[in-house]
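**Q** The structure that follows is given in the form of structure tokens.
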Amino acid sequence: MKLRALATTALVAAMSLGMGAATAATTKLRIQTHYAPETPSGKLAKQFFDDLTAMSNGEIQVEAFYSASVVKSVETFDAAATGILDCDMTGGGYQTGKNPAFQFVGDIMGGYDTPYQQLSWLYYGGGLEAAQKLYNKYDMQLIGWWVYGQESLASTKPIRGVADLKDWKFRSPPGMETKIFANLGAKPIVMDFTEIFTALESGIIDGADASGLANNVGLGLYDIAKHTNYPGFHSMPSDHLACNKGVYDKMPKSHQRILNTAMEALALRTALTFEKKNAEAAAMLRAKGVKLYNWSDDDRAKFRAAALKAWPEFATTPEAKALVASHTKYLKELGLVK
């Protein structure tokens, strides 16, 4: 009897182990980011991937592709939607040609003052639900954002406020930004990112919209342009993580929860990292004699008003109109617009 009891116990234990192995699911995600692994954002992405594996006890495995090594940055979204990749870790701004609504999840020009305000729209202002309808239309699931903060301009002339924008020639990315700055008297010139340094050096342009303060330092822009603004006010791109909806829907609920929660952690870590790096860059630039201008509340309000005036011109689809309405409502709740 004792032997039979032991055998029964062993059989039950073996069955339990077998059932555990059968129910333990593994999620494998192929994720591409446009950032190089040695950049601050690339390092943050790697930590996010490591978090996913550690938090899932190895059940979530990530094959990471940096520097847009599989497809071009602008093609990452479609590559994920069609199954070449599983997730796109670039940004919605690359997809404005697909639907102008992506402008309002990619770079909400003139909208929020800080990454925390912008992230709060996503998580507490109904933004994720509104944006999800857009992403789902293209068979993608928006997981979340990681926002590195406001960008700063580089200029060879003072840019103390809106008045200094009159006839200011600067490199601008295409799209809504050109309209906003032109309405304020500036002369935006659309050119490739790689042409900025030469154009500044030769005097073709007076300034440039490139990136955040710390990144601009890395590019060497302030070796030529001795004027900038800090903190920024005009542009705060949202990098996203968006995954193939079919892949996401098949993930165990526990894996979905880990993915979403780890993304929120990445968002906070990114905002804090760049807040420190930009502050350090600002101190270094002041010490080197570069002039930094913190625009007044009045000038910031003028720029935001010009931006909000331009938004409806680009909101030409139902999804874009819904996002503009959502942002406008939330900006009012925050007291940023009347």
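**Q** Within the range 154-170, does at least one residue satisfy the condition of being modelled with pLDDT of 95 or more, farther than 16 Å from Ile205 by Cβ, assigned by TED's automatic domain parsing to the domain that holds Leu272 and in a loop (DSSP other than H, G, I, E, B)? Break it down stepwise before answering.
**A** Step one: list which residues in the range 154-170 are modelled with pLDDT of 95 or more, which gives 154-170.
After this cut, where a residue has to be farther than 16 Å from Ile205 by Cβ as well, the list is 160-163.
Narrowing the set further to residues that are assigned by TED's automatic domain parsing to the domain that holds Leu272 leaves none.
Checked against the condition, which is being modelled with pLDDT of 95 or more, farther than 16 Å from Ile205 by Cβ, assigned by TED's automatic domain parsing to the domain that holds Leu272 and in a loop (DSSP other than H, G, I, E, B), the range 154-170 yields no hits at all.
**Q** In addition: Being crowded, with 16+ Cβ neighbours inside 10 Å, assigned to a helix (DSSP H, G or I) and at pLDDT 95 or above is true for just one of Thr76, Thr53. Which residue is that?
**A** Values: Thr53 fails: crowded, with 16+ Cβ neighbours inside 10 Å.
Answer to the check: Thr76.
**Q** Given (1) in a helix (DSSP H, G or I); (2) closer than 22 Å to Asp139 by Cα, identify the lone condition not met by Thr316.
**A** (1)
**Q** Given the conditions (1) assigned by TED's automatic domain parsing to the domain that holds Cys87; (2) of a type in the set (Ser, Thr, Tyr); (3) closer than 20 Å to Leu122 by Cα, which single one is not true for Thr328?
**A** (1)
**Q** Would it be correct to say that Gly246 is among the small types (Gly, Ala, Ser) and not in a helix (DSSP H, G or I)?
**A** Working: among the small types (Gly, Ala, Ser): yes; not in a helix (DSSP H, G or I): no.
No; evaluated as a whole, the condition is false for this residue.
**Q** With the requirement that a residue be farther than 19 Å from Gly110 by Cα and not in a strand (DSSP E or B), what does the range 279-298 give you? Walk me through how you get there before you give the answer.
**A** Looking only at the range 279-298, we keep the residues that are farther than 19 Å from Gly110 by Cα, and these are 279-292.
Within the range 279-298, Ala279, Glu280, Ala281, Ala282, Ala283, Met284, Leu285, Arg286, Ala287, Lys288, Gly289, Val290 meet the criteria.
**Q** Test of understanding: among His255, His240, which residue is over 22 Å from the mean Cα position of the chain (by Cα) and either in a helix (DSSP H, G or I) or farther than 22 Å from Ala163 by Cα (or both)?
**A** His255
**Q** Return yes when Val105 is touching a strand residue (DSSP E or B) at 6+ places or on another chain (Cβ under 8 Å) and either surrounded by fewer than 23 Cβ atoms within 10 Å (Cβ to Cβ) or in a helix (DSSP H, G or I) (or both) and no when it is not.
**A** Details: touching a strand residue (DSSP E or B) at 6+ places or on another chain (Cβ under 8 Å): yes; either surrounded by fewer than 23 Cβ atoms within 10 Å (Cβ to Cβ) or in a helix (DSSP H, G or I) (or both): yes.
Considered against the rule, which asks whether it is touching a strand residue (DSSP E or B) at 6+ places or on another chain (Cβ under 8 Å) and either surrounded by fewer than 23 Cβ atoms within 10 Å (Cβ to Cβ) or in a helix (DSSP H, G or I) (or both), Val105 comes out as yes.
**Q** May I ask you to list pairs of residues, at least six apart or on different chains, whose Cβ atoms are under 7 Å apart, with the first in the range 240-252 being of a type in the set (Ser, Thr, Tyr) and the second being assigned to a helix (DSSP H, G or I) and surrounded by fewer than 24 Cβ atoms within 10 Å (Cβ to Cβ)?
**A** Correct list of pairs: Tyr248/Gln256.
**Q** Residues of the range 198-234 being under 12 Å from Phe274 (Cβ atoms) and assigned to a helix (DSSP H, G or I), which ones?
**A** Leu213, Ala214, Asn215
**Q** Continuing with this model, one more query. So Leu85 clears everything in (1) farther than 23 Å from Glu264 by Cβ; (2) outside any helix (DSSP H, G or I) except one condition, right? Which one?
**A** (1)
**Q** Residues Tyr123, Tyr135, Tyr112, Tyr94: which one is in the same structural domain as Ala262 (by TED's automatic domain parsing), under 18 Å from the mean Cα position of the chain (by Cα) and within 19 Å of Val337 (Cα to Cα)? Outline the logic, then answer.
**A** Details: Tyr123 fails: within 19 Å of Val337 (Cα to Cα); Tyr135 fails: within 19 Å of Val337 (Cα to Cα); Tyr94 fails: within 19 Å of Val337 (Cα to Cα).
Testing whether each residue is in the same structural domain as Ala262 (by TED's automatic domain parsing), under 18 Å from the mean Cα position of the chain (by Cα) and within 19 Å of Val337 (Cα to Cα) leaves just Tyr112.
**Q** Looking at Asn260, is it buried (at least 18 other Cβ atoms within 10 Å of the Cβ) and among the polar types (S, T, N, Q)?
**A** Working: buried (at least 18 other Cβ atoms within 10 Å of the Cβ): no; among the polar types (S, T, N, Q): yes.
No; evaluated as a whole, the condition is false for this residue.
**Q** With the requirement that a residue be closer than 20 Å to Lys226 by Cα and touching a Ser or Thr at 6+ places or on another chain (Cβ under 7 Å), what does the range 171-188 give you?
**A** Step one: of the range 171-188, the residues closer than 20 Å to Lys226 by Cα are 171-172, 186-188.
If the condition is that a residue be closer than 20 Å to Lys226 by Cα and touching a Ser or Thr at 6+ places or on another chain (Cβ under 7 Å), then Ser172, Pro188 are the ones that fit.
**Q** Only one of Tyr66, Tyr94 is of a type outside the set (Lys, Arg) and modelled with pLDDT under 95. Can you tell me which? Show your work before the answer.
**A** Working: Tyr66 fails: modelled with pLDDT under 95.
Exactly one of Tyr66, Tyr94 is of a type outside the set (Lys, Arg) and modelled with pLDDT under 95, namely Tyr94.
**Q** Could you list, in sequence order, the residues of the range 186-197 that are assigned to a strand (DSSP E or B) and either modelled with pLDDT under 95 or under 26 Å from Thr273 (Cα atoms) (or both)?
**A** Our first condition is that a residue be assigned to a strand (DSSP E or B); within the range 186-197, this holds for 187-190.
Scanning the range 186-197 gives a single hit, Val190.
The values are calculated or read from the model by the stated rules, or taken from the named source; none is laboratory data. The model shown is predicted, which means the values in this text are computed figures rather than measured ones. Cβ atoms come from the backbone with ideal geometry, glycine included; neighbour counts cover every protein chain shown.
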